[in-house]
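Only one structure is covered here, and it is reproduced in the block below.
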Amino acid sequence: MKKPSLALLLATLAAASILSACSPKFDWRDYRSPDAQFTALFPGKPAVLTREIDLDGKKVSLTMTASEVDGNTFAIGSAVLDSTEQAQAALPAMQTALLKNINGTVRSEKSASAASSTAAGIHQRSSLSIEASGTQQGKPVVLVGRFVAQDKHIFQIIILGEERKLSRDTIDTFMDSVKLD
């Protein structure tokens with residue numbers, strides 16, 4: 001039996017690496033939440049899980065829609081609280097909980113607020129956006145998050161992963177695709 005030559009083996013490895021480079025890492029797909037009133041592009045098929053979380057002493061049933069690609073998590077959490085005031089107060093609590101999970105340090109932060117009036121009444125919307133660095137399982141990670149209170153609804157839109165595996169285009173594609181109804 002003849003052994004394959006080194007040149008043939010190298011050529012096969014080169015062809016395989018070229019073909020794998022052509023396959024997309026992110027399989028962007030539209031997702032519309034049936035109950036949480038948002039649409040977004042996820043980089044893979046998202047899974048949905050509801051669990052109870054603690055937001056500054058208040059138990060909240062949070063529905064998480066998330067996908068993971070290359071060790072990076074793309075997620076949107078949503079819940080309905082009892083009042084607009086509780087929703088507003090939940091924003092910093094969500095931020096604090098996530099920062100605590102990664103022992104994070106905030107790199108940048110901004111907030112915005114708006115009120116509008118329709119025939120159905122006055123609507124209030126506030127948001128808090130952060131970019132932070134921290135560690136998870138001993139590895140450095142970046143957290144990009146936007147926390148939104150829209151009337152009684154709260155939304156937590158995050159990307160968590162290794163910074164070297166996340167391009168600004170990938171971050172912007174996910175974050176900019178999220179539309180709250």
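The values are calculated or read from the model by the stated rules, or taken from the named source; none is laboratory data. Worth saying up front: this structure is predicted, and the values here are computed from it rather than measured. In this analysis, Cβ positions are derived from the backbone assuming ideal geometry, glycine residues included, and neighbour counts consider all displayed protein chains. Keep in mind that these areas ignore ligands, DNA and RNA; they rest on the heavy atoms of the full protein, side chains included. Shrake-Rupley method; radii C 1.70, N 1.55, O 1.52, S 1.80 Å.
Only one of Asp54, Asp30, Asp35 is open to solvent by 60 Å² or more (accessible area, probe 1.4 Å), in a loop (DSSP other than H, G, I, E, B) and not basic (Lys, Arg). Can you tell me which?
After ruling out the rest, the residue left standing is Asp35.
Quick one: in region 66-83, of everything that is among the acidic types (Asp, Glu) and not in a strand (DSSP E or B), which residue is most open to solvent (accessible area, probe 1.4 Å)?
Restricting to residues being among the acidic types (Asp, Glu) and not in a strand (DSSP E or B), the top hit is Asp82.
Being surrounded by 14 or more Cβ atoms within 10 Å (Cβ to Cβ), not in a loop (DSSP other than H, G, I, E, B) and not basic (Lys, Arg) is the requirement here; does Thr63 meet it?
The answer is yes for Thr63.
Quick check, is Ile171 without any contact (Cβ under 8 Å) to a residue 60 or more places away in the chain and under 22 Å from Lys25 (Cα atoms)?
Judged against the criteria, Ile171 is a match.
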